[in-house]
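The values are calculated or read from the model by the stated rules, or taken from the named source; none is laboratory data. Remember, it's a predicted structure, so these values are computed and weren't measured experimentally. Quick reminder, even Gly has a Cβ in these numbers, built from the backbone with ideal geometry, and neighbours come from all protein chains shown. In case anyone asks, the SASA skips ligands and DNA or RNA and just uses the protein heavy atoms, side chains included. Shrake-Rupley method; radii C 1.70, N 1.55, O 1.52, S 1.80 Å.
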Amino acid sequence: MREGETSPEEGALAPGSAGSVAEADASRSSPVRLWFRATGALVGRELAAYFKSTMAYIIMFFFYLVTGLVFLNVFEILSRPGTPPTEFPMLNWFMFTLFFALTVIVPAITMRLFSDELKTRTLEPLCTAPVTDFQIVISKYLAALGFYVVLLAPTFLYAVILYSTAKPHPPDRGPMVAGYLGLFFLGSYFLSIGIFASACTKNQIVAFIGTFMAILVLQLVYVFRRLISLPWWKEFLEPFDFFENFMDFGRGVVDTRHIVYYLAMSALFLFLTVGVLGVRKWRL
Amino acid sequence: MEETSSPMIRVENLTRRFPGVTAVDGADFHVEKGWILGFLGPNGAGKTTTLRILSGYMPATSGTVSVAGFDVHRRSLEVRRRIGYLPENAPLYGEMRVEEYLRYRAKLKGLGRREARRNLDRVLERVRITDHRRRIINQLSKGYRQRVGLADALIHDPPVLLLDEPTSGLDPNQIREMRSALTELAPRKTLVISTHILPEVEAVCDHVVVIHQGRIVMQGDLTSLKTGFDASAPVVVEARGGAVDEMRSALSALPGVRAVDLKGPPDAPVFEFETDAGGDIREAVFRLFADRGWTLVGLTSRAPTLEEMFWKATAGADVEASARGGRGN
């Protein structure tokens with residue numbers, strides 16, 4: 001019996017070795033590398049799980065159906081003779097749709113992220129692997145964001161078509177790119193809300209509804225602002241008025257304040273999600 | 001470094017409270033390297049909770065736990081690198097294939113690609129699911145899923161394994177296979193197997209800790225419990241060919257013999273008695289029977305079975321718990 005002899009090649013499950021993986025590995029790979037390897041594995045697994053789920057294809061089907069119809073509509077309106085060639089309202093209409101599509105899409109994307117793991121108890125092997133709660137949360141977030149980007153990418157084609165077929169000359173490309181940038185960061189924010197909601201409940205439906213309501217309320221702030229004429233109300237709600245913020249992107253204005261805002265809120269909800277995970281362990 | 005050489009697992013005054021119930025109450029035990037510990041208790045006794053604390057999944061309310069020399073609370077990641085944990089009912093990602101899942105778990109645990117591939121092959125062999133490596137986990141039977149869970153626990157070759165009811169839901173054949181797979185793992189690895197099935201502990205483990213209503217009521221070394229003649233245990237004499245009363249008084253007269261109980265019919269009496277500490281009474285009994293011309297059919301020590309000790313320990317705890325009943329949580 002080769003007691004205690006563990007060459008780097010043979011080490012792992014050789015007879016006589018009492019388990020030297022941790023030590024051997026630590027000497028070979030830096031902690032940073034290990035961190036990325038683990039997080040990468042988490043993200044990869046999560047993304048693969050999306051595309052193996054039926055939900056992903058349902059989301060894609062309805063999303064492309066709706067956006068396709070909107071695109072057709074816009075295109076048709078603009079093709080009518082006599083319509084003034086303005087790119088601003090056209091793109092606005094498109095972005096408007098996407099903006100509200102988020103209300104349904106984001107909860108559908110995020111509902112299963114934690115709720116499913118809570119329900120099937122797969123959170124237990126996940127949390128007893130040598131990965132931190134932060135790694136778990138960030139990997140789910142990145143996977144959701146990745147899916148979101150993959151989902152949105154084909155619609156870029158619509159924008160491109162609208163732009164390139166405009167007469168007599170193609171309009172400024174700025175609003176198009178800025179619009180999608182805005183969608184990306186706004187998506188990041190809403191997705192992080194969805195992840196938080198998913199971590200709060202075992203029930204995917206509840207997660208969906210919670211996220212849906214939260215996003216809806218946030219989006220309708222601009223309506224509330226205009227409907228209620230109390231002076232302080234308008235001021236108070238200004239930072240939450242997404243529509244204006246978002247429409248800046250729609251106009252081609254990339255205001256870094258908005259980006260920072262969206263990123264900060266994403267970070268906030270991700271932080272809260274890590275917190276919820278911790279609370280679960282204490283209460284369980 | 002906080003590494004100490006022994007014991008492998010040390011639990012000191014561990015308490016875990018939930019709203020309304022104290023799941024673990026001042027548990028104290030330790031596990032040395034190479035042991036196969038049976039963590040035995042009725043359902044709801046606190047076994048799963050204790051394992052979850054050992055694995056770092058759940059924090060304790062108070063007390064200290066160290067595994068492989070690392071404190072579970074302060075160095076949780078280090079602990080998790082050194083344990084393989086198989087939760088009850090082996091929760092797995094159903095949509096993945098067996099080898100896909102195991103490769104993913106290997107990466108989580110820090111194995112490099114080459115190492116992961118090598119370990120994967122070995123671990124599939126060890127739990128005997130090599131032929132099913134490409135199957136989707138959802139399509140596997142319970143027995144195979146449990147094996148995948150065990151493979152996951154083994155993939156990074158940890159020194160400590162924590163297994164929560166590893167044979168639950170398996171049919172007798174699968175149970176036998178799982179048990180033999182587990183016994184093969186010691187003494188290279190230290191195992192803690194939680195179960196409510198007594199025969200399982202007797203079959204697989206060499207040490208036992210009994211937990212009941214959150215308290216450790218018994219711990220011991222099974223080898224001494226199970227084998228051989230235990231001089232401190234009651235002696236059982238099966239006799240023939242003599243008058244029962246004569247035999248009884250003769251036995252009582254032997255030095256060190258305490259009250260002699262008579263069981264069995266007059267023509268096949270069985271005498272049971274305890275002896276004073278130390279000393280093997282067997283020779284004296286044999287000589288007595290030889291001198292008197294009686295027939296000695298059986299002479300054994302009735303070492304208590306694990307089952308008896310279990311009932312005694314848990315019944316006692318019941319009484320104790322009810323006496324302290326009104327103390328609140």
- Accessible area in square angstrom per residue, chain B, 1.4 angstrom probe: 44
- Query: Looking only at other chains, what is the average number of their beta-carbon atoms within 10 angstrom of each beta-carbon in A:119-125?
  - Reply: 6
- Note on the structure: Yeah, segment B:87-196 with a ≥ b ≥ c from its alpha-carbon gyration tensor (a/c under 1.5 is rounded, else prolate when a/b outruns b/c, oblate otherwise) is oblate
- Could you give me the ³J(HN,Hα) list for segment B:32-49, computed from phi with Karplus coefficients 6.51, -1.76, 1.60 and θ = phi - 60°, whole Hz, x at Gly and Pro? 7, 4, x, 6, 10, 8, x, 9, 10, x, x, 4, x, 6, x, 5, 4, 4
- Query: What accessible area, in Å² to the nearest ten, does a 1.4 Å probe give for B:ARG97?
  - Reply: 90
- In what order, largest first, do A:VAL253, B:VAL79, B:VAL257 sit by accessible area if the probe radius is 1.4 Å? A:VAL253, B:VAL257, B:VAL79
- Provide a list, ordered by number, of residues in segment B:25-65 showing at least 40 Å² less accessible area with every protein chain present than when their chain is taken on its own, using a 1.4 Å probe. B:ARG52, B:TYR57, B:PRO59
- Task: Give me the accessible area buried between chains B and A, both sides summed, with a 1.4 Å probe, in Å² rounded to the nearest 100.
- Result: 4000
- Note on the structure: Residues other than B:ILE216 with Cβ under 12 Å of its Cβ, Lys/Arg counted +1 and Asp/Glu -1, net out at -1
- Counting Lys and Arg as +1 and Asp and Glu as -1 over every other residue whose Cβ sits under 15 Å from the Cβ of B:ASN13, the net charge comes to 0
- Message: For a quick check of understanding: with a 1.4 angstrom probe and all protein chains in place, what accessible area in square angstrom does A:THR120 have, to the nearest ten?
- Response: 70
- Query: Could you give the dipole magnitude of segment B:1-145 about its Cα centre, charging the beta-carbon of Lys and Arg +1 and that of Asp and Glu -1, in debye to the nearest 20?
  - Reply: 820
- Task: For segment B:150-181, state which residues have at least 10 Å² less accessible area in the presence of all protein chains than in their chain by itself, taking the probe as 1.4 Å and leaving out ligands, DNA and RNA.
- Result: B:HIS156, B:ASP157, B:PRO159
- Note on the structure: Quick tally, 1.4 Å probe accessible area for A:TRP282, B:TRP294, sorted with the most first, runs A:TRP282, B:TRP294
- Neighbourhood charge, 14 Å Cβ-Cβ cut-off, centred on B:THR195 and excluding it, Lys, Arg +1 and Asp, Glu -1: -4
- Query: Roughly how much of B:ASP71 is accessible, in Å² to the nearest 10, using a 1.4 Å probe?
  - Reply: 20
- Tilt relative to chain B, helix B:98-108 - C-alpha long axis, 0 to 90 degrees, to 10: 80
- Message: Can you give me the long-range amide H partners of B:VAL236? Hydrogens built in the peptide plane at 1.01 Å from N, cutoff under 5 Å, separation of 5 or more residues or another chain.
- Response: B:THR300, B:SER301, B:ARG302
- Message: Which order do you get for A:TYR141, A:TYR148, A:TYR64 if you rank them by accessible area with a 1.4 Å probe, largest at the top?
- Response: A:TYR64, A:TYR141, A:TYR148
